[in-house]
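Visitor: To start, I am sharing the structure in question, which I have written as structure tokens.
Bear in mind these aren't lab numbers, they're just calculated from the coordinates by the rules spelled out. Being a predicted model, the structure only gives us computed values, none of them experimental. Quick reminder, even Gly has a Cβ in these numbers, built from the backbone with ideal geometry, and neighbours come from all protein chains shown.
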Amino acid sequence: MTLLQPGTLATLEILRKEGSRFVLDAAGEEIYMNESEAPDAQEQSTIEVFLYINRRGELTGTAQIPSVTVHSFGWAKVIRLERSEGAYVDIGASFEVLINRADFPQIKELWPQPGDELYMTLRSDPGGNLFGRLVTEERIQEHYTMAETDMYNQNVKARAYRLLPIGTFLLTEDIQRIFVHETERKAEPRLGEEVDVRIIEVHDDGTMNGSLLPRKQDRLQSDGEQILAYLEQSGGKMPFTDKSTPEEIDEMFQMSKGAFKRALGTLMRERRITQQDGWTTLIL
């Protein structure tokens, strides 16, 4: 019995071609590989292949080397969702791989969507069939890329790989690790969703903290525009001022009282609003 395992890479000798299939020497046993899986194999005596179990339950190979194996991690793009099963992903081979729904958050809105990318590895069941497993925090701690100190205040693209109530853990394409506390985001990213994150701290261990909120000056403009839009929709007058309670402000504008007061102050200095008798009025 061959010692070669599904989900691994192997360099095998090409013994001969039979019709549309190549016959490969797999540790003393013969396995077949479709010609479509290795169009350039005709001119070679050996070939590197990725091993997997085909639909007939046979060990076979493909020269389309995937982005991930049972011994490595890599990025895989979500192709489609099956609510009863999980997500099928593209690993760069000629077949799709399923990541079981048990790996995903209980809140369905946080599941990855087609086009999102997940950092994962492969595992095989007792029959040798392959499935995907998301990276664990333990494995990330073992091989993340250390960030440079000059990344402070830079904006980078990253994807969520771990979702917790206290915040979101992200990875850049080259596996730099970023944590975003819940107070530094307006909404929780989906698993695998790409976001633009601003680096607000670089630690000695090479990990980073980030923010999904705009910079303060941009935030003031955004908050002010939100208040002006509300005033315009309310006939130019609203019963909210810098004396309103934090609960009232959060319920109506989804912003903190401090941010609301700063935005009001900016708008008053620009002579765009006035406040009197518990009302804020738009200056036309």
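Visitor: Taking the Cα centre of each part, how many Å lie between region 247-284 and region 142-208?
Guide: 33 Å
Visitor: For the chain, take N as its residue count and report Rg(C-alpha) divided by 2.2 N^0.38 Å.
Guide: That works out to 1.44 for the chain.
Visitor: Which value does Rg/Rh take for region 1-136 over its C-alpha atoms, Rh per Kirkwood?
Guide: Ratio of gyration radius to Kirkwood radius: 1.02.
Visitor: Give me the one-decimal nm value for the distance between modelled label points at residue 247 and residue 109, 7 Å along each residue's Cα-to-Cβ direction.
Guide: If labels sit at residue 247 and residue 109, their model points lie 2.3 nm apart.
Visitor: So what is the calculated 222 nm ellipticity per residue for the chain, using -39500 (n - 2.57) for each DSSP H run with n of 4 or more, over all residues, to the nearest 500 deg cm²/dmol?
Guide: The helix-only estimate for the chain comes to -5000 deg cm²/dmol at 222 nm.
Visitor: Are there any trypsin sites (Lys or Arg not before Pro) in region 145-209 that are in a DSSP loop and have at most 15 other Cβ atoms within 10 Å? List them by number.
Guide: Listed in order of number, the matching sites are 186.
Visitor: Among the listed pairs 108/157; 157/243; 77/186, which are separated by more than 31 Å between their Cα atoms?
Guide: Result: 157/243 exceed 31 Å.
Visitor: Determine the relative contact order of region 197-275: mean sequence separation of Cα pairs under 8 Å and six or more apart, normalised by residue count, in whole percent.
Guide: Here the relative contact order equals 23 percent.
Visitor: For the chain, calculate the relative contact order in percent as a whole number, restricting contacts to Cα pairs under 8 Å that are 6 or more residues apart.
Guide: Taking the mean separation of contacting Cα pairs over the length of the chain, I get 10 percent.
Visitor: Quick check: net charge around residue 279, other residues with Cβ under 14 Å of its Cβ, Lys/Arg +1 and Asp/Glu -1?
Guide: Summing Lys and Arg as +1 and Asp and Glu as -1 gives -1.
Visitor: Before anything else, pin down the relative contact order of region 88-168: Cα pairs under 8 Å, at least 6 apart, normalised by residue count, whole percent.
Guide: Worked out over region 88-168, it gives 23 percent.
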